[in-house]
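Worksheet: one structure, shown below.
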Amino acid sequence: MSKTYVDTNGYLRYSDSDKLVHRHVALKKLYNNDKYPLKFGEYQVHHIDRNKLNVTIQIPFFSVKPANTGNITLIQQLWN
């Protein structure tokens, strides 16, 4: 298992790559090119419980990055 650390924003990151753990988990466990029309980088991954350290598969959900607005459009809650 890779070592992690908490960054200055409170998110878990892998020590060897500085990648965000919750994004890596969502990419490897949930993202599917056939299911989602956009590239993974165009989605945001959120924590429903607002706990940045919680990276369990049921907690994050995808949303589209807003183009020129402050609003985020929910695509799908991943546990459904």
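The values are calculated or read from the model by the stated rules, or taken from the named source; none is laboratory data. Since we're looking at a predicted model, the values are computed, not measured. Don't worry about glycine lacking a Cβ; one is built from the backbone with ideal geometry, like all the others, and counts go over all protein chains shown.
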### Residue list for region 1-50, filter: within 11 Å of the chain's Cα centre (by Cα) and among the small types (Gly, Ala, Ser)
Ala26, Gly41
### Task
Could you run through region 15-55 and say how many residues are among the charged types (D, E, K, R), under 21 Å from Lys3 (Cα atoms) and exposed (fewer than 10 other Cβ atoms within 10 Å of the Cβ)?
3
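With region 1-56 as the region, which strands (runs of 3 or more DSSP E) entirely inside it contain at least 1 residues that are in contact with a His (Cβ under 6 Å, 6 or more places away or on another chain)?
43-47
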### Query
In region 1-14, how many are exposed (fewer than 10 other Cβ atoms within 10 Å of the Cβ) and more than 16 Å from Asn51 (Cβ to Cβ)?
3
### Message
Can you find a residue that is at pLDDT below 85 and aromatic (Phe, Trp, Tyr) anywhere in region 6-29?
### Response
no
#### Entry: Those residues of region 19-48 which are charged (D, E, K, R) and touching a strand residue (DSSP E or B) at 6+ places or on another chain (Cβ under 9 Å), in sequence order
Lys19, Arg23, Lys35, Glu42
### Task
Taking the residues in region 57-78 that are part of a loop (DSSP other than H, G, I, E, B) and hydrophobic (A, V, I, L, M, F, W, C) as candidates, determine which candidate is modelled with the lowest pLDDT.
Leu78
